[in-house]
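The values are calculated or read from the model by the stated rules, or taken from the named source; none is laboratory data. Predicted model only: the values in this text are computed from it and were never measured. Here the Cβ is made from the backbone with ideal geometry for all residues, glycine too, and neighbour counts use every protein chain on show.
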Amino acid sequence: MDLYSPLTALKGVGEKRQKLYQKLGINTVGDLLEHYPRGYLDLTGSLAIRDASDERPSAVKAVVTQKSQPKLIRRGLTVSKVRATDMERDILITFFNAKYTVEALEVGKEYIFYGDFTKRLTGGEMNSPAVISPEESGFLPQYPLTEGLSSKMVSVQMKTAIENCGHLIKETLSTDILEEYGLCSKEEAIRSIHFPKGQEDLEKAKKRLIFEEFLTFTLGMSLTKGKTRTASGNAFSDLSTDDFEKSLGFELTGAQKRVIAECKRDMCSSVPMSRLIQGDVGSGKTAVAASCMYFAAKNGFQSAMMAPTEVLAAQHKATLEKMFAPFGIKVGLLTGSMKASEKAAVKSAVKSGEITIVTGTHALIQEDVEFENLGLIITDEQHRFGVRQRMALGKKGRSPHTIVMSATPIPRTLAFVLYGDLDVSILDEMPKNRIPVKTYLVGPELSQRALGFVRNFAKEGKQSYIVCPLVERNEDSLPLEAAADLAEQIAGQELVDCNVGLLHGRMKPAEKERVMEAFAENRLQVLVSTTVIEVGVDVPNAVCMVIENADRFGLSQLHQLRGRVGRGKEQSYCILISGNKNPETKRRLEVIAKTTDGFKVAEEDLKLRGPGDFFGYRQSGLPMLKMADMMTDIKLLELAKKAAAEILEKDPKLERKEYSVLSANIQRLLEETAM
């Protein structure tokens, strides 16, 4: 048996159990060893019944004195009662549908029971606790599971794997790194993370594994950055863009002027620009991007702007066309749903240079799209693209300059992990005429009042959105029926005097365009929509947004949705409707109600949900951090960045033998995260 052996090589793993492990992404013995516990049952303290905490998970050691026969309470539910004592106090334990667990308990034998404990005068009570053998003291690992697997099963197989293959675990880090940063070996870390002998052991293992995760990703991003930075770019001449900026009809903020200057400085360098422009909703990223495209055009280069949806790509095209019309700069659009003849015409005009600026979706990176002289590429809402897609567009020119735009405010620690290959510019100033959106959190009982609010706005000639969420975040299908039913209901009842439209993700692009065009032109007063309007729809006349079941969204997603209103000169409103009584959920939603600062919202969202779910779904390009937490492990992140810099200074391409395993791990990470 070795690290590459299938799991069936382990005792107790047949084909059926192997399939359960595969659901967790575990295919080999080596994969199993890297399936780290999500927590531990701490059995190191007192296990006396009198010391157990009321209404909290506790472990108590007691001897079984009595057990009852299971009783059928109702169809599909049996209850068994077990009494136990630690010779000082007693405990009553209730098991539900646990026939075999109760049968296995022996009267007169001592066990450890772990679960929620409720204090009583003579002792306490527990419902369906875990039953643990007294020999299993210390820290018991609790693993991420799938139905059919238990932490006990995983633990048994983990012990076998470590006994047989622990000595085969390859050291990833060089001796000097281990010594300089006070890290234990990889083998010791793996053994201790699964079966720590004490708190000190556990902390040493965590430090080592977290450091390695951060180091691997930091090096990966640095090497990716190196590939783009060493290529010879197109050094632009430092020409003025004042005429374009004066033509916009509004004064740029200080932050916009600063970021434009940063971009122009980069584009005048022979090293290709790779810059992230990050700003809150309404901070003016489009104007910055347009100024940079104008700068490229004055230097004789074309620009391409890739957006995640056809609706957004078409909107960018319309916006840029108006901006560049006075300067005779032609703007084109290329999307997958266009007719073949339309695509062919646009591709021909892009190849000949007749079209100077082209906006589009993934259609821009198709092999048959050629540019005459591509000098600048811009990707909008970067978290929706893998880095590899961005690089594919970059190959259309001779090392063009790159701008990435994100309207999702990202905490700096997460920005580093997501965009480690980019320089970062932040638009941290809102236009002077921007009025903050007023946000209210209400219960379902006020839904009718919210619709009355919408109706009153419609009478004044103003527009509103009503947003329906996904039923479950991981569900494949959108709640078309819910959105369609709601649209039909309110159009026939509460909002009978309004023109109500419906927009959802399964509509054909042409249908979406028609609906959005009707809404933009105020032929629809109310738009019932799924989250397809999360990005890109710009309707200044929309002043109200009602979000149904707001608790089913992430905070950052709610903030993005809210950003669809408040884009004009009128006071705008966002009404969050939620019937969820969970105190934590209520506290989370109150964050949105209390602040319009997207960066504060993002910090809170990352704390509450973790990076994997940060955008409401698992995005491409985000590393699978098994151990590291970017909010609590910032010091280790900084140490890993320092170590990465030291390694690359000695060996810029990681070609030394001592870095061979680390280099292989980095390559695997880059492939997994589509970098």
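Of all residues in the range 160-194, exactly one satisfies the criterion of being in contact (Cβ under 8 Å) with a residue 40 or more places away in the chain, among the hydrophobic types (A, V, I, L, M, F, W, C) and surrounded by fewer than 19 Cβ atoms within 10 Å (Cβ to Cβ), namely L168. Might you let me know whether the range 309-328 holds any residue that is assigned to a loop (DSSP other than H, G, I, E, B), surrounded by 15 or more Cβ atoms within 10 Å (Cβ to Cβ) and modelled with pLDDT under 95? Yes: the range 309-328 contains one or more residues that are assigned to a loop (DSSP other than H, G, I, E, B), surrounded by 15 or more Cβ atoms within 10 Å (Cβ to Cβ) and modelled with pLDDT under 95. Looking only at the range 197-214, decide whether some residue is outside the structural domain of Y4 (by TED's automatic domain parsing), under 24 Å from the mean Cα position of the chain (by Cα) and either free of Cβ contacts under 8 Å to residues at least 24 places away in the same chain or within 24 Å of E136 (Cα to Cα) (or both). There is at least one residue in the range 197-214 that is outside the structural domain of Y4 (by TED's automatic domain parsing), under 24 Å from the mean Cα position of the chain (by Cα) and either free of Cβ contacts under 8 Å to residues at least 24 places away in the same chain or within 24 Å of E136 (Cα to Cα) (or both).
Taking every residue in the range 297-322 that is within 15 Å of D538 (Cβ to Cβ) and free of Cβ contacts under 8 Å to residues at least 60 places away in the same chain and pairing it with any residue that is charged (D, E, K, R) and surrounded by fewer than 22 Cβ atoms within 10 Å (Cβ to Cβ), at least 6 positions away or on another chain, the pairs with Cβ-Cβ distances below 9 Å are E321/K330. Taking A340 as the residue in question, decide whether it is on the phi < 0 side of the Ramachandran plot and modelled with pLDDT under 95. Spelling it out, A340 is indeed on the phi < 0 side of the Ramachandran plot and modelled with pLDDT under 95. Residues in the range 55-78 that are in a strand (DSSP E or B) and surrounded by fewer than 18 Cβ atoms within 10 Å (Cβ to Cβ): R56, P57, V63, T65, Q66, K71, L72, I73, R74, L77, T78. Scoring F96 on the criteria (1) in the same structural domain as T118 (by TED's automatic domain parsing); (2) crowded, with 16+ Cβ neighbours inside 10 Å leaves a single failure, condition (2).
Against the conditions (1) surrounded by 23 or more Cβ atoms within 10 Å (Cβ to Cβ); (2) touching an Asp or Glu at 6+ places or on another chain (Cβ under 7 Å), A304 satisfies every one except (2).
In the range 530-560, the qualifying residues are those that are assigned to a loop (DSSP other than H, G, I, E, B) and within 13 Å of Y465 (Cα to Cα), and the one that is modelled with the highest pLDDT is N541. I'm trying to understand the selection: among the residues of the range 354-368, which are of a type outside the set (A, V, I, L, M), under 21 Å from G328 (Cβ atoms) and not in a strand (DSSP E or B)? Across the range 354-368, the qualifying residues are E354, T356.
Selection of first residues in the range 238-264 that are free of Cβ contacts under 8 Å to residues at least 60 places away in the same chain and of second residues that are of a type in the set (K, R) and not in a loop (DSSP other than H, G, I, E, B), restricted to Cβ pairs under 9 Å at least 6 apart or on distinct chains, gives the following pairs, ordered by first then second residue: D238/K264; D238/R265; S240/K298; T241/K264; T241/K298; E245/K257.
Among all residues of the range 89-108, there is at least one that is assigned to a strand (DSSP E or B), among the hydroxyl-bearing types (S, T, Y) and either in contact (Cβ under 8 Å) with a residue 40 or more places away in the chain or in contact with a Lys or Arg (Cβ under 8 Å, 6 or more places away or on another chain) (or both).
For G30, the conditions (1) loosely packed, with under 12 Cβ neighbours inside 10 Å; (2) of a type in the set (G, A, S); (3) within 35 Å of the chain's Cα centre (by Cα) all hold with the exception of (1).
Confirm whether Y111 is in contact (Cβ under 8 Å) with a residue 40 or more places away in the chain and either farther than 22 Å from K71 by Cβ or out of contact with any Asp or Glu (no Cβ under 9 Å at 6 or more places or on another chain) (or both). Judged against the criteria, Y111 is a match. Tell me, yes or no, whether the range 269-284 has at least one residue that is at pLDDT below 85 and either surrounded by fewer than 17 Cβ atoms within 10 Å (Cβ to Cβ) or assigned by TED's automatic domain parsing to the domain that holds V565 (or both). Yes - at least one qualifying residue is present in the range 269-284.
Regarding A340, is this residue buried (at least 16 other Cβ atoms within 10 Å of the Cβ) and among the small types (G, A, S)? It is false that A340 is buried (at least 16 other Cβ atoms within 10 Å of the Cβ) and among the small types (G, A, S).
So, of the residues in the range 79-88 that are of a type in the set (A, V, I, L, M) and assigned to a strand (DSSP E or B), which turns out to be nearest to D42 (Cα to Cα)? Out of the qualifying residues, it is A84.
Residues that are surrounded by 17 or more Cβ atoms within 10 Å (Cβ to Cβ) and either in contact with an Asp or Glu (Cβ under 9 Å, 6 or more places away or on another chain) or of a type in the set (D, E) (or both) within the range 139-151 comprise F139, L140, listed in sequence order. If I filter the range 249-258 for residues that are farther than 30 Å from L178 by Cβ, surrounded by fewer than 19 Cβ atoms within 10 Å (Cβ to Cβ) and of a type in the set (S, T, N, Q), do I get at least one hit? Checked the range 249-258: no residue is farther than 30 Å from L178 by Cβ, surrounded by fewer than 19 Cβ atoms within 10 Å (Cβ to Cβ) and of a type in the set (S, T, N, Q).
Assess whether A205 counts as being more than 26 Å from P326 (Cβ to Cβ) and modelled with pLDDT under 95. No. Would you check if G353 is surrounded by fewer than 20 Cβ atoms within 10 Å (Cβ to Cβ), at pLDDT 85 or above, in contact with an Asp or Glu (Cβ under 9 Å, 6 or more places away or on another chain) and at positive phi? When the stated conditions are applied, G353 passes them.
Residues that are in a loop (DSSP other than H, G, I, E, B), under 29 Å from the mean Cα position of the chain (by Cα) and surrounded by 16 or more Cβ atoms within 10 Å (Cβ to Cβ) within the range 495-506 comprise just one, H504. Within the range 426-443, residues that are on the phi < 0 side of the Ramachandran plot have Cβ atoms under 6 Å from residues that are assigned to a strand (DSSP E or B) and among the small types (G, A, S) in these pairs: L427/G279, counting only partners at least 6 apart in sequence or on another chain. Taking the condition surrounded by fewer than 16 Cβ atoms within 10 Å (Cβ to Cβ) and of a type in the set (A, V, I, L, M), does L43 pass? Spelling it out, it is not the case that L43 is surrounded by fewer than 16 Cβ atoms within 10 Å (Cβ to Cβ) and of a type in the set (A, V, I, L, M). Among the residues of the range 166-176, at least one is closer than 30 Å to L10 by Cα and of a type in the set (S, T, Y). When F614 is tested against (1) at pLDDT 75 or above; (2) surrounded by 21 or more Cβ atoms within 10 Å (Cβ to Cβ), exactly one condition is not met: (1).
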